1. Yes or no: segment 156-167 includes at least one residue that is surrounded by 16 or more Cβ atoms within 10 Å (Cβ to Cβ), out of contact with any Ser or Thr (no Cβ under 7 Å at 6 or more places or on another chain) and aliphatic (A, V, I, L, M).
2. What's the total number of residues in segment 64-81 that are assigned to a helix (DSSP H, G or I) and hydrophobic (A, V, I, L, M, F, W, C)?
3. Just checking, does segment 86-101 include any residue being assigned to a strand (DSSP E or B) and farther than 20 Å from residue 46 by Cβ?
4. So for segment 175-183 (the condition being modelled with pLDDT of 95 or more, within 21 Å of residue 71 (Cα to Cα), among the acidic types (Asp, Glu) and surrounded by 10 or more Cβ atoms within 10 Å (Cβ to Cβ)), does at least one residue qualify?
5. For segment 154-182, which positions are within 20 Å of the chain's Cα centre (by Cα), part of a loop (DSSP other than H, G, I, E, B) and of a type in the set (S, T, N, Q)?
6. Of the residues that sit in segment 97-111 and are surrounded by 12 or more Cβ atoms within 10 Å (Cβ to Cβ), under 18 Å from the mean Cα position of the chain (by Cα) and more than 17 Å from residue 37 (Cα to Cα), which one is modelled with the lowest pLDDT?
7. Output the number of the condition that residue 175 fails; it satisfies all remaining conditions of (1) touching a residue at least 12 places away in the same chain (Cβ under 8 Å); (2) within 19 Å of residue 82 (Cα to Cα).
8. Step by step: first the residues of segment 12-35, then only those that are small (Gly, Ala, Ser) and in contact with a Lys or Arg (Cβ under 9 Å, 6 or more places away or on another chain), then the one that is surrounded by the fewest Cβ atoms within 10 Å (Cβ to Cβ). Which residue is that?
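The values are calculated or read from the model by the stated rules, or taken from the named source; none is laboratory data. The shown structure was predicted, so the numbers you read here are calculated from the model rather than taken from an experiment. Neighbour counts run over all protein chains shown; Cβ positions are idealised from the backbone, glycine included.
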Amino acid sequence: MALEYHFYEPSKGHQLKHDPFNALVAPRPIGWVSSQSKADEINLAPYSFFNAFNYTPPIIGFASVGHKDSLKNIEETGEFCWNLVTKAFAEKMNLTSASVEHDVDEFKIAGLETTACNCISVPRVAGIAVAMECQLTQILRLTTKEGHAVDTWMVFGEVVGVHINQAFIKNGIYDTASAEPILRGGGPADYFQINADMRFEMHRPKL
């Protein structure tokens, strides 16, 4: 029996109850980004369009849909910090997603403590499993296929410092599952959790 597919052209609408795009490219790691303005106003916000893009030097990045506070701060200072979101911090992360005024401190909204980074002036989330200190390398505004500017900016940063809670290092290897990171799914509220039961191994073939 031939497979049946729901096909749509995004420019013409998806014809479903909810746009499936975020659910199809999912689950995705969460960019929980702390930043700081030149006036020392700190910001903490989660971004679901986030990932790692290069090994050497290590480069990570996130997309800001709209010219938001994180983007403005990074443009001013050239620094940001990525904080790994784990199950233990899920609810607090969600609180930092609220739309608030520029001078509102999301750390305080979520009841989070800050701690200093080693290589940048931006603080990180205290007690977090992993944090990566970053210095800005590029900001790219996205465009359509016709070359028209989109209200989305891609922010890339070189990782200049990494903090790993030693509890999650086993026999010299960082154990992803033990930290219980969470990932963003589709729809308005779907998240997924990584745990040891989800692990399987595949070694790269030698042809």
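1. Yes, segment 156-167 has at least one match.
2. Of the residues in segment 64-81, 2 are assigned to a helix (DSSP H, G or I) and hydrophobic (A, V, I, L, M, F, W, C).
3. No, segment 86-101 contains no residue that is assigned to a strand (DSSP E or B) and farther than 20 Å from residue 46 by Cβ.
4. No, segment 175-183 contains no residue that is modelled with pLDDT of 95 or more, within 21 Å of residue 71 (Cα to Cα), among the acidic types (Asp, Glu) and surrounded by 10 or more Cβ atoms within 10 Å (Cβ to Cβ).
5. Matches in segment 154-182: 165 only.
6. 97
7. The one condition residue 175 does not meet is (1).
8. My answer is 26.
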